[in-house]
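**Student:** Quick one: the structure is below, and I'll ask about it shortly.
Throughout, read-outs are computed from the coordinates displayed, never taken from laboratory work. Note that the coordinates shown come from a computational prediction; the quantities given were computed from them, not determined experimentally. Every residue, glycine among them, receives a Cβ derived from its backbone with ideal geometry; neighbour counts consider all protein chains shown.
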């Protein structure tokens, strides 16, 4: 198995950075799921697709705009009407879905290499993300598991809340280093760890 | 302790000494001081020179509305001008300098302007310098000549040119209730709204929350109001649903209840914390807004009202109570309302002697008489100040009896010694944000002020509620009651009666006498910042200006950094009197954002110095490590050349292109746009999108496709691979990837929603390497496993799947270079691994890496088009691609492509050019038929791309030339006067090299 190269490598410096003398309030990392799959249902077939997600991953995805779920290993969330991102640690998720998501239900697109997943966690995660994205990150407005499609710096980003103070940001691989550097810089103020 | 600093009182920390400099002189102050209070404490009262007349000026106010004491703050090489000294918090190492003076603040040469008197009235510069003929300088040329000198003499501070190294940030915030202003009304509103569970943001431009509670000397629930404020703030601080934003000016109110605010995060610190920004721009989306922005005290307009030592009454009260500084030892007050009496008592308590209270009203109330007595002041009712005395500081004033019913002065003038004169002309609610939100202010005759209209909580665009002095409720008790009600209402709850804090305040009537000006001899300033006098306003009237908006433009009243915060109403009142109309009929100007100056850096925020993100291919780091010179192509960075030591760009790309044609070359093509087109109707969709047929394409094959725009002009080209019956991989040009994606999404969403097709950008999923040249197939054969790559398995436009170095790859045989070539795609995360494996395999065959220059050279030699030729003006026929226009089906653009103008014979068509003088050609150069170098004209076209062709040994170009095809074999000239290039060229076919494609097809 050939290991995948991270687009962040030259700027991925493990350790504490910024104003960390009084503790770090943000942890940044790359989650590197082996599979990232985009699923899209034809109009009217959304529930079938949600059922397919459950069949393949065991994740019971709530119905509704931006709804999502994460079990710590696999994650799924809606990012547009009838469209979902599913990520997991095992390779071959796209092949597994291809067997279940028939042409009658929708399409499966493997984007495992094409997206980079950056995780930001910690008590100041909302604060740092709010510097970039004009969306409400408060827990009351953005529930755990839910996803959002948004944009910053002309870069499309899909964000899933995977914990009370934890978010996974999916960005196009070619932009990932720019996003990473911007996140690191924005986190300096509160002190951050790269893990 | 300095002579003006009180021994006790104020909210400064006397144990903490701060050192700073002003105009090069070292001073000390205390933690909690502003530059204004610290300098005042040291007896420094001359803080600026006026805009036009260079008159000496001191502090007029204690807050953001300060028009006089503007300073420049220096941080290293960076200078920030025009900051009110009242808003600069001192810190160790602060360096501030005064402005608009030469050579010094005390001795300013341009003070001679004061002698100009009436000459320099409103409109002087335009009347004098626009139009006259002075020697060779006529009309505006004379003005242009003089402007430099006039601008040097007039104005505010000057901006620096050093790069600002500070950090700026943006913050997006959402809340249920935004409370603007943290005085008693704002604090009550924030508390009440948060009690209801609402998410609250409380913003105030001052560093210390509490507003007037910090300096009025009132008591709330038996304790000093400042203590109540501190306790309330502490309470709010402990709540999860409340965010407090001190030092934050809410400066703009926009549609959808979006408000803009500027937080001065670290201006008050010697050094910002690590990673801490200087300023933070807040974009706040609030469900509801409570405007508790208070009110500004107005000056009175009388001769000499701008002399240093003349100050607003509440400002002096604030300096005494909040900063422990007395603005003078012997103080007189001049007022048209009751609020100044409280200031007199406060200053008396702080240790000053109150010489007199001069009141324009004939009969101040008994309460006021009592307060005057308490202050130890002589009460001079029905009197007015008619002049001030002194040089650069006040030494005394002149009084006269005054009849406020007709404005007449009578009786003998009387002199009085005083080193400080406080004035109060009533209060104007700070309605700027409501005005920005569209609220039309209403004149209140009792308050003599423009008040905001009724709350617009149910407005379709803006939802705000007012509270406190903002609404004209000037008493603290009323403000607190309104604040609570506003907070509850803003949170969407119903107000229920509750016990309110008990306020013990000095009594007073909130309504002033309608007196704005005392007309006597001498300059009476209305707008201190722009040196606009009462006479200027009357001059504007005499010259026919009737609209308040025109008045503003003619006199500059209300312009500059303070935007007329203290001058608007007095100016308006004087204009109204001149017009003989009541004030409401004259109207007021609409306030626009920003409320106070905003740093441009904060608006740029994280984009400051970094205007665009970098887009990198998966092999980017390999390219850098292996000597590539990178080239910016849109957001992408691509290798231009891989130069050997000592090579020029031309030498490098010629070597790379020649080696590719002779053996093999490899180039990173990961930037090509790649779009997955999937679904049962994918083939049908592509038939509609492309000019040629795709539904007939076999699985495992690729086809070159051309797209037109709806208007029939060429749009984009690329190959599309059929990976499955319902699964296509479309490639686009690098530059047009985004546009093509939008184009496809638009047609699927809007025009053909019935088609079952999904499109997904997979540009970043696949890394691409194009390997071409006579040895390319052999190289692949040595490293590809799992599939053959021979002609039978992989014919031209065929696709196979295999592995390279244990990584799955897709290989398509297609060519841009004109050689036998293959595009090898793999998952982007494996790209460098595969790239290096290909290079290893290619070593024995002389494989070279090549960049965009060689890529461009080979495509020019082949006559392929790119965005330089598909430029939004050319048709498929212009580019000789009409063979791709299917006649069997309609497609996007087919209905419009045959319009008369698009098939005219004189259109620019693609041709090749060969330089006959063997000199380089330039992109953009014109093609002319004339031989006259000195007078080239009648361009017949232009060059779109050019290079030295190693295959031909000549400088060649592609060009768009009128009737191009018919001109093949003729000669013309290239004309590029800007770059000094003129020379003969031969017009030939765009297919310079291997026109039959023998090398490509093998």
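**Student:** What is the calculated FRET efficiency for residue B:162 to residue A:71, with r their C-beta to C-beta distance and R₀ = 51 Å, to the nearest 0.05? Intermediate values should be presented prior to the final figure.
**Tutor:** Numbers: r = 54 Å, r/R0 = 1.06.
Here the calculated transfer efficiency is 0.40.
**Student:** Tally the DSSP beta bridges in the protein assembly as shown and give the antiparallel ones as a percent, rounded to 5. Please list the in-between numbers first.
**Tutor:** On the way: 189 of 241 bridges.
Taking every DSSP beta bridge within the protein assembly as shown, about 80 percent pair in antiparallel fashion.
**Student:** Please give the length that would be gained between residue B:952 and residue B:633 if that part of the chain were fully extended, namely 0.36 nm times their separation in residues minus their C-alpha to C-alpha distance (nm, one decimal). Could the numbers behind the result be given before it?
**Tutor:** Details: separation 319, 0.36 × 319 = 114.84 nm, distance 2.76 nm.
Here the answer is 112.1 nm.
**Student:** Just order B:12-23, B:92-103 by mean Cβ neighbour count inside 10 Å, highest at the front, would you? Show your work: numbers first, answer last.
**Tutor:** Values: B:12-23: 15.7, B:92-103: 17.8.
Ranked from most to least packed, the peptides come out as B:92-103, B:12-23.
**Student:** Then there is this: How would you classify the stretch B:673-761 from its alpha-carbon gyration tensor, with a ≥ b ≥ c the square roots of the eigenvalues: rounded for a/c under 1.5, else prolate if a/b is greater than b/c, otherwise oblate? Mind dumping the intermediate values first?
**Tutor:** Values: a/c = 1.41, a/b = 1.14, b/c = 1.24.
Judged from the Cα gyration tensor, the stretch B:673-761 comes out rounded (a/c under 1.5).
**Student:** If you take every DSSP beta bridge fully contained in the stretch B:592-679, what fraction is antiparallel? Give it as a percent rounded to 5. Show your work: numbers first, answer last.
**Tutor:** Numbers: 6 of 8 bridges.
Expressed as a percentage, antiparallel bridges in the stretch B:592-679 total about 75.
**Student:** Something else: Shielding of B:270-283 by partners, i.e. mean partner chain Cβ atoms within 10 Å per residue?
**Tutor:** Details: counts 0, 0, 1, 7, 9, 13, 5, 4, 0, 0, 2, 0, 1, 2.
Mean number of neighbouring Cβ atoms from other chains: 3.
**Student:** I need two numbers for the stretch B:604-693: Rg to one decimal and Dmax as a whole number, Cα atoms only, in Å.
**Tutor:** My reading of the Cα-based Rg and Dmax gives 18.9, 56 Å.
**Student:** On to the next question. What's the long-distance tail for chain B, i.e. % of Cα pairs beyond 42 Å?
**Tutor:** Details: 274701 of 501501 pairs.
The share of Cα pairs beyond 42 Å in chain B comes to 55 percent.
**Student:** Let me ask something else. Taking the Cα atoms only, what angle lies between the long axis of helix B:140-153 and the longest principal axis of chain B, rounded to 10 degrees?
**Tutor:** 60
**Student:** How high is the FRET efficiency from residue B:417 to residue B:254, r the C-beta distance, R0 30 Å, rounded to 0.05?
**Tutor:** Numbers: r = 52 Å, r/R0 = 1.73.
Between residue B:417 and residue B:254 the formula returns 0.05.
**Student:** For the protein assembly as shown, rounded, prolate or oblate, judged on the Cα gyration tensor with a ≥ b ≥ c (square roots of eigenvalues), a/c < 1.5 rounded, else prolate if a/b > b/c? Intermediate results must be reported in sequence, preceding the final value.
**Tutor:** Numbers: a/c = 2.63, a/b = 1.87, b/c = 1.41.
Since a/c reaches 1.5 and a/b is larger than b/c, the shape of the protein assembly as shown is classed as prolate.
**Student:** What is the distance, in nm, between label points placed 7 Å from the Cα along the Cα-to-Cβ direction at residue B:871 and at residue B:17?
**Tutor:** 7.2
**Student:** Right, next: What is the average number of partner chain Cβ atoms found within 10 Å of a Cβ in A:173-186?
**Tutor:** Details: counts 12, 15, 6, 3, 6, 7, 1, 0, 3, 4, 0, 1, 5, 6.
Mean inter-chain Cβ contacts per residue within 10 Å come to 5.
**Student:** What nm distance separates the two modelled labels at residue B:499 and residue B:886, each placed 7 Å from Cα along Cα→Cβ?
**Tutor:** Inter-label distance under the simple model: 8.5 nm.
**Student:** If I take R0 = 25 Å and measure r between the Cβ atoms of residue B:234 and residue B:603 in this structure, what FRET efficiency does the formula 1/(1 + (r/R0)^6) give, to the nearest 0.05?
**Tutor:** Details: r = 33 Å, r/R0 = 1.33.
Result of the calculation: an efficiency of 0.15.
**Student:** Using 7 Å Cα-to-Cβ label points, what is the residue B:933/residue B:579 separation (nm, one decimal)?
**Tutor:** Output for this residue pair reads 6.9 nm.
**Student:** Just checking the output field for B:565-571: average partner chain Cβ neighbours within 10 Å of each residue's Cβ? Spell out each step's value before the answer.
**Tutor:** Values: counts 0, 0, 0, 0, 0, 0, 0.
What the average comes to for B:565-571 is 0.
**Student:** Which residue fluctuates most in the GNM of chain A (Cα springs below 10 Å): A:175, A:167, A:84?
**Tutor:** A:175
**Student:** Of the listed peptides B:38-50, B:682-694, what is their order by residue-averaged count of other C-beta atoms within 10 Å, with the highest listed first? Please report the intermediate quantities before stating the final value.
**Tutor:** Working: B:38-50: 24.2, B:682-694: 21.7.
Put in order of decreasing packing, that is B:38-50, B:682-694.
**Student:** Among B:699-708, B:751-760, B:105-114, B:339-348, how do they line up by average Cβ neighbours within 10 Å per residue, starting with the highest? Present the calculation step by step, with values, prior to reporting the outcome.
**Tutor:** Values: B:699-708: 19.7, B:751-760: 17.1, B:105-114: 15.4, B:339-348: 25.5.
Top to bottom by mean Cβ count within 10 Å: B:339-348, B:699-708, B:751-760, B:105-114.
**Student:** Gain in length, residue B:446 to residue B:369, computed as 0.36 nm per residue apart minus the alpha-carbon separation, to one decimal in nm? Working shown, then result.
**Tutor:** Numbers: separation 77, 0.36 × 77 = 27.72 nm, distance 2.16 nm.
The span from residue B:446 to residue B:369 would gain 25.6 nm if fully extended.
**Student:** Where the centroid of each part is defined by its Cα atoms, how far is the stretch B:26-48 from the stretch A:13-54 in Å?
**Tutor:** Spelled out, the Cα-based centre of one part sits 54 Å from the other.
**Student:** Could I ask something else about it? Going by alpha carbons, how many degrees (0 to 90, nearest 10) lie between the helix axis of A:173-187 and the longest principal axis of chain A?
**Tutor:** Helix A:173-187 and the main axis of chain A meet at about 40 degrees.
**Student:** How would you classify the stretch B:515-595 from its alpha-carbon gyration tensor, with a ≥ b ≥ c the square roots of the eigenvalues: rounded for a/c under 1.5, else prolate if a/b is greater than b/c, otherwise oblate? Please report the intermediate quantities before stating the final value.
**Tutor:** Numbers: a/c = 1.56, a/b = 1.19, b/c = 1.32.
Oblate shape, in that a/c is at least 1.5 and b/c is the bigger or equal ratio.
**Student:** Okay, moving on. Going by alpha carbons, how many degrees (0 to 90, nearest 10) lie between the helix axis of B:568-579 and the longest principal axis of chain B?
**Tutor:** On a 0 to 90 degree scale, this one is about 70.
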